[in-house]
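A.B. asks: Sharing a structure below in structure tokens format, with a few things to ask.
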Amino acid sequence: MNTVTAFFRIPYRAGAIRLSIGTLVIMLIASVIFLPGFLAPENLSNLLAQSTVLVISALGQTFVILTGGLDVSVGSIISITTTIMTLDLPESVRVLLCIAVAMAFGIANGYGVARLNVHPIIMTLATMGIAQGLALIILPIPGGRVPEWLSASVAGSIGPIPNSLFWLILASCAAAWILYRRPFGLYLFASGGNDFNARMNGVPVERTVIKAYVLSALFACAAGMFLAGRLASGDPKGGTTFGIESVTAAALGGVHLAGGIGSILGTVVGAAILGIVNNVMNLANVSAYLQSVVKGLLLLLLVVSQRRKTIGL
């Protein structure tokens with residue numbers, strides 16, 4: 001109960017969460033008024049399923065951004081997870097292998113950024129290429145079969161409530177518990193706000209950064225399992241877009257790209273906004289290329305609008 005309460009709390013240094021909520025409400029109202037098919041049950045179910053992958057990956061991305069970093073390898077980790085789940089191995093081994101691979105990429109990213117001082121974008125771009133290549137080696141084209149229990153846990157429902165909503169709530173509560181109920185959460189804000197002051201006050205900055213990248217990879221792994229269950233197959237390029245979209249979703253929810261400011265509720269709201277943008281463009285038959293342009297411009301606008309001086313430490 002405390003974790004759920006913490007999720008809905010708007011703490012100090014939460015970012016522009018009220019603006020994000022207001023934007024989401026306006027977009028929902030406009031979508032209902034101007035798009036007759038928006039409230040159709042099939043569309044709402046599709047919107048929720050699409051947004052769940054984005055929410056889970058953006059929650060992991062939030063931990064990294066709070067430290068002042070960026071993880072663009074998220075999409076490739078999602079892709080490689082979907083391919084591993086199609087391997088001809090015992091089901092429990094596939095799950096453990098997915099977690100082990102994600103942790104390996106997270107540790108590599110964190111160690112490279114925190115200990116070797118490699119720029120976060122360069123470090124995660126390198127691991128993104130490695131993960132994407134491995135995904136294509138494991139499964140060159142989309143296909144294969146994932147365990148039936150995974151597909152059932154994603155596509156089914158408990159009464160009128162779709163299972164995807166449980167995935168979304170579970171991931172959000174886990175992220176809220178880590179950020180608000182563990183000392184690690186405070187370390188994240190301190191490290192991203194001012195790492196020098198954090199070190200002087202005894203915060204293990206390097207260890208915090210490494211853990212943030214490991215968490216980002218593990219949440220990407222969970223998003224990959226959800227996507228594999230939704231597709232009922234593997235897709236070596238299925239997560240490609242989520243590297244950038246997870247950053248955009250977090251920024252839309254008020255997570256400051258320079259670090260030190262953000263909230264779990266904000267990230268969920270930001271992912272919902274981006275999910276509706278995607279859904280509206282799909283309903284309006286906007287081409288995939290133009291959708292990519294729109295989302296790129298949106299991210300550029302968010303980066304320009306976030307000024308470093310607003311951190312204030």
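The values are calculated or read from the model by the stated rules, or taken from the named source; none is laboratory data. Just so you know, these numbers come straight off a predicted model, no measurement behind them. Glycine gets a Cβ as well: all are built from the backbone with ideal geometry, and neighbour counts include every protein chain shown. Heavy atoms of the whole protein, side chains included, go into the accessibility calculation; ligands, DNA and RNA do not. Shrake-Rupley method; radii C 1.70, N 1.55, O 1.52, S 1.80 Å.
A.B. asks: At what distance in nm do the modelled label points of ASN197 and PHE184 sit from each other, each positioned 7 Å from its Cα along Cα→Cβ?
C.D. replies: It is 2.4 nm.
A.B. asks: Another question, then. How far, in nm, would the chain grow between ARG145 and VAL303 when pulled straight, counting 0.36 nm per residue and subtracting the alpha carbon separation?
C.D. replies: Working: separation 158, 0.36 × 158 = 56.88 nm, distance 3.97 nm.
Answer, rounded to one decimal: 52.9 nm.
A.B. asks: Enter the accessible area per residue of region 52-140 (Å², integer; probe 1.4 Å; all protein chains in place).
C.D. replies: Details: 3170 Å² over 89 residues.
Result: 36 Å² per residue.
A.B. asks: In Å², and per residue, what accessible area does region 223-306 have when probed at 1.4 Å with the other protein chains present? Mind dumping the intermediate values first?
C.D. replies: Details: 2960 Å² over 84 residues.
Accessible area per residue, region 223-306: 35 Å².
A.B. asks: Heavy atoms only, probe 1.4 Å: what % of the accessible area of the chain goes to carbon and sulfur, would you let me know?
C.D. replies: 70
A.B. asks: Turning to a different aspect of this structure: So, counting K/R as plus one and D/E as minus one, what does the shell of residues with Cβ under 13 Å around SER246 add up to? Mind showing how you got there, number by number?
C.D. replies: Values: positive: LYS295; negative: ASP71, GLU245.
Around SER246, the charge tally is -1.
A.B. asks: Further, regarding this structure: With a cut-off of 8 Å between alpha carbons and a minimum separation of six or more residues, what is the relative contact order of the chain in percent? Walk me through the numbers on the way to the answer.
C.D. replies: Details: 568 pairs, mean separation 112.8, N = 313.
Relative contact order comes out at 36 percent.
A.B. asks: Could I ask something else about it? If you split all Cα-Cα distances of region 184-292 into 10 Å bins from zero, what percentages do you get per bin, shortest first?
C.D. replies: 13, 34, 32, 15, 5, 0
A.B. asks: Something else about it: Which number do you get for Rg(Cα) / (2.2 N^0.38 Å) in region 99-230? Write out the running numbers ahead of the final one.
C.D. replies: Values: Rg = 17.8 Å, N = 132, 2.2 N^0.38 = 14.1 Å.
Dividing the Cα Rg of region 99-230 by 2.2 N^0.38 Å gives 1.26.
A.B. asks: Further question on the same structure: Using Cα pairs under 8 angstrom and six or more residues apart, how large is the relative contact order of region 202-313, in percent? Don't skip to the end; give the middle numbers.
C.D. replies: Numbers: 68 pairs, mean separation 23.0, N = 112.
The value is 21 percent.
A.B. asks: Thinking of the chain as a set of Cα atoms, what percent of all their pairs are more than 37 Å apart? Walk me through the numbers before you get to the answer.
C.D. replies: Values: 5549 of 48828 pairs.
Looking at the chain, the distances longer than 37 Å represent 11 percent of pairs.
A.B. asks: Now a separate question. Please compute the length gained on full extension between MET103 and GLU91, using 0.36 nm multiplied by the number of residues separating them and subtracting their Cα-Cα distance. Don't skip to the end; give the middle numbers.
C.D. replies: Numbers: separation 12, 0.36 × 12 = 4.32 nm, distance 1.87 nm.
Additional length available on full extension: 2.5 nm.
A.B. asks: Give the Rg/Rh ratio for region 29-127, taking Rg as the radius of gyration of the Cα atoms and Rh as the Kirkwood radius, to two decimals.
C.D. replies: Details: Rg = 17.9 Å, Rh = 15.9 Å.
Answer for region 29-127: 1.12.
A.B. asks: Assign unit charges at the C-beta atoms only (+1 for Lys and Arg, -1 for Asp and Glu), then state the dipole size of the chain relative to its Cα centre in Debye, rounded to the nearest 20. Mind dumping the intermediate values first?
C.D. replies: On the way: 17 positive and 9 negative charges, 187 e Å.
That gives a dipole near 900 debye.
A.B. asks: What FRET efficiency would be calculated for the residue pair HIS119, SER153, taking the C-beta separation as r and a Förster radius of 30 Å, to the nearest 0.05? Provide the component values of the computation, followed by the final result.
C.D. replies: Working: r = 38 Å, r/R0 = 1.27.
Calculated transfer efficiency: 0.20.
A.B. asks: Determine the gain in length on full extension of the stretch LEU165-LEU28; use 0.36 nm per residue of separation and subtract their C-alpha separation, reporting nm with one decimal.
C.D. replies: Details: separation 137, 0.36 × 137 = 49.32 nm, distance 1.82 nm.
Residue separation times 0.36 nm, minus the Cα-Cα distance, leaves 47.5 nm.
A.B. asks: Within region 244-269, whose backbone N sits under 17 Å from a point 7 Å along Cα→Cβ of VAL293?
C.D. replies: Answer for region 244-269: none.
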